[in-house]
Amino acid sequence: MLRFKITLALAASLALLSGCASGPRSPTGTGLAWVPRAKINVVSHRRFVHRVGFAPMATRPAKPAIAALAAFLAKNRVRPDDVITLEGGTARERLSVARALARLGLPGAGEARFAPVLSTQMVLVVVDRYLATPPRDCPDWSKPVSAGFTNTVDSNYGCATAYDLGQMVADPHDLLRGRTLGPADAADGVNGITAYRKGDVRLGGQTSAGGGLTMPQQPLPSPGGSGTP
């Protein structure tokens, strides 16, 4: 009887250890290790195009053309953070349309980088809009919270970061492609070199005079090695 009880206890212990070693099965029932999915914002792009016509020999669009342009902007809810470019027409016609957009509350319209060859007396107003949408699988509670024996991150990991980034980014297009870096600001470096040549260098709270460097005076160590009298 005692031997039977010992055998039963050993069998139960082995079953418990084998269950801990195998780990929980994945929510899909495959038994494979949990593989977290990256949480990334989805950036969508939309384009709106409007034609602004000019009368022959006219340098400004007529009032009906301005009214049609205002209706186009209102219909598509064009905002100052949208990318607005002007294509076609002459330089004077594009400048006239840009001024009309500024009067309608949309300054900063630029010319397209690769403007197609279009006839004069017509300028295309191209509006590009980028929208950042949070990950579709957020919040993600597909992984059981109570079964964390696989030592993997939670399935909802990264959702808050992706959502906050999508809400804070000024131009969602930056999530697709970064902007070209501008020239480095060399003012700080030039000021440092100028101060060094003039002798106006501060070291240890002291200022040099007469073009030389003044180093802070350090106390000499005493014979006893303590460094203090």
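Numbers below:
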quantity: Extreme residue, nearest to Asp128 (Cα to Cα), among residues of segment 55-89 that are over 34 Å from the mean Cα position of the chain (by Cα), in a helix (DSSP H, G or I) and among the small types (Gly, Ala, Ser); calculated: Ala68
quantity: Test result for Leu131, exposed (fewer than 14 other Cβ atoms within 10 Å of the Cβ), over 22 Å from Pro61 (Cα atoms) and at pLDDT 85 or above; calculated: yes
quantity: From Arg99, Arg92, Arg46, residue being over 34 Å from the mean Cα position of the chain (by Cα) and either at pLDDT 90 or above or surrounded by 11 or more Cβ atoms within 10 Å (Cβ to Cβ) (or both); calculated: Arg92
quantity: Residues being within 21 Å of the chain's Cα centre (by Cα) and at pLDDT 75 or above - total across segment 180-196; calculated: 2
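Matching residues to (1) within 19 Å of Asp137 (Cβ to Cβ); (2) among the aliphatic types (A, V, I, L, M); (3) modelled with pLDDT of 85 or more; (4) surrounded by 14 or more Cβ atoms within 10 Å (Cβ to Cβ):
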position: Pro27; (1), (2), (3), (4): yes, no, no, no
position: Val35; (1), (2), (3), (4): yes, yes, no, no
position: His50; (1), (2), (3), (4): no, no, yes, yes
position: Arg60; (1), (2), (3), (4): no, no, yes, yes
position: Pro64; (1), (2), (3), (4): no, no, yes, no
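The values are calculated or read from the model by the stated rules, or taken from the named source; none is laboratory data. None of these values were measured; they are calculated from a predicted model. Reconstructed Cβ throughout: ideal geometry from the backbone, glycine too, with neighbour counts over all protein chains shown.
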